[in-house]
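The values are calculated or read from the model by the stated rules, or taken from the named source; none is laboratory data. Treat the numbers as computed from the prediction; the structure is a model and nothing was measured. A quick note on method: Cβ atoms are made from the backbone with ideal geometry, for glycine too, and the neighbour counts reach across all protein chains shown.
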């Protein structure tokens, strides 16, 4: 099992194709190599290009390319990363992807049409070796600390734009409590914490601790 797309994923696929008896039987008449480019979109920032030399139910060679047109294979295939990910997750079916052009194919179309069962079983092998996909945070190399800083910067910018920058410490305390609650998955709690921050604590006990005063000493002045 491997992360898609990666060099390890391609190596795992090569081993799977050379050891899977079902694939060997179904693809026994297949003769043709292919180049597949995963186009950058979503979590993928750079193209990933695979070359596979498939011959009579075996994978004779598999490696990554830097140039999509470096080889002259029987089939040239390409698709945006989200489409390929959906295909490997089983959310998108092979025939549907080809008919709706979510996967682009050029080259020997007769080879492809004569061997639809081989194509379907090839995808099965791909699905069985895939256990993880790239996510947004992996793409951007963000840590949770980076994400927290982005949230803080966003709210502080909002405070500045609304001319509330004089309450910097109060706003910072609210933001930190919100981030902690967001991290724990308590969105409703986060909402209450942000709205309740800075309110008079005396009213909770209903004691007239600041009777006659213009403002509560426990509440930051506005």
Residue 64 vs. criteria under 19 Å from residue 109 (Cα atoms) and either touching a helix residue (DSSP H, G or I) at 6+ places or on another chain (Cβ under 9 Å) or surrounded by 13 or more Cβ atoms within 10 Å (Cβ to Cβ) (or both): no
Any hit, the range 90-101, residues being more than 29 Å from the chain's Cα centre (by Cα) and either in the same structural domain as residue 6 (by TED's automatic domain parsing) or touching a residue at least 40 places away in the same chain (Cβ under 8 Å) (or both): no
Residue satisfying condition, being touching a strand residue (DSSP E or B) at 6+ places or on another chain (Cβ under 7 Å) and at pLDDT 95 or above, within set 54, 112, 88, 65: 54
Where residue 142 falls short, out of the listed (1) assigned to a helix (DSSP H, G or I); (2) at pLDDT below 70: (1)
